[in-house]
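One structure is given here, and the rest of the page talks about it.
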Amino acid sequence: QVQLVESGGGLVQAGGSLRLSCAASGRTFSSYAMGWFRQAPGKEREFVAAINWRGVTTYYTDSVKGRFTISRDNAKNTVYLQMNSLKPEDTAVYYCAAKRGIVTPRRPGDYDYWGQGTQVTVSS
């Protein structure tokens, strides 16, 4: 069982930056691929970024490439999402998710564990 707790959300003006953190419980964090997803009101949950268990390979949805960076610190059981040049359309609840194994999924249904989410609001 893995418990995930997100933090770092908030209100920021367009063009600003935020760094989200996701702290995981358990001793096997390094065995999990980690992903960030977001869900805006009235929309489906969508993939944002993912990182493999070793932290070597990363994936991004096209709309955040060049602006967001996912990283992980396995010694701290934490995954991060650095978000720069934020836009109003980035406004959503952001969730981190964990998937045990060497595969790094990009579909929400392929993840095993989820955090409670953190709100990110970007004002224009």
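The values are calculated or read from the model by the stated rules, or taken from the named source; none is laboratory data. It should be emphasised that the depicted structure is a prediction, and the values quoted were computed from it without experimental measurement. When we count neighbours, we look across all protein chains shown, and the Cβ atoms used for this are built from the backbone with ideal geometry, even at glycine. The accessibility values were calculated without ligands, DNA or RNA, using every heavy atom of the protein model including side chains. Shrake-Rupley method; radii C 1.70, N 1.55, O 1.52, S 1.80 Å.
Structural remarks
- Pair Ser30, Thr58: separation of 7 Å Cα→Cβ label points (nm): 2.0
- Among Ile70, Ile102, the order of accessible area from largest down is Ile102, Ile70, computed with a 1.4 Å probe on protein heavy atoms.
- If R0 is 35 Å, the Cβ-Cβ spacing of Gln39 and Ile102 corresponds to a FRET efficiency of close to 0.85.
- Rolling a 1.4 Å probe over the heavy atoms of the protein chains gives the range 46-124 an accessible area of 50 Å² per residue.
- Taken about its Cα centre, the chain carries a charge dipole of about 280 debye when Lys and Arg each add +1 at the Cβ and Asp and Glu each add -1 at the Cβ.
- Placing unit charges on each Cβ (+1 for Lys and Arg, -1 for Asp and Glu) gives the chain a dipole about its Cα centre, and among Gln13, Val64, Gly42 the Cα reaching farthest toward its positive end belongs to Val64.
- Contact order for the chain, expressed relative to its length and based on alpha carbon pairs under 8 Å spaced 6+ residues apart, stands at 36 percent.
- Within the full protein context, the accessible area of Glu46 is estimated at about 80 Å² for a probe radius of 1.4 Å.
- Length-normalised contact order for the range 53-124 - Cα pairs under 8 Å, 6+ apart - percent: 29
- To put it simply, the accessible area of the chain at a 1.4 Å probe is 46 percent carbon and sulfur.
- These residues, Lys87, Lys99, go from largest to smallest accessible area, 1.4 Å probe, as Lys87, Lys99.
- Cα gyration tensor shape of the range 1-70, rounded if a/c is under 1.5, else prolate or oblate by comparing a/b with b/c: prolate
- List Thr78, Thr58, ordered by accessible area with a 1.4 Å probe, largest first: Thr58, Thr78
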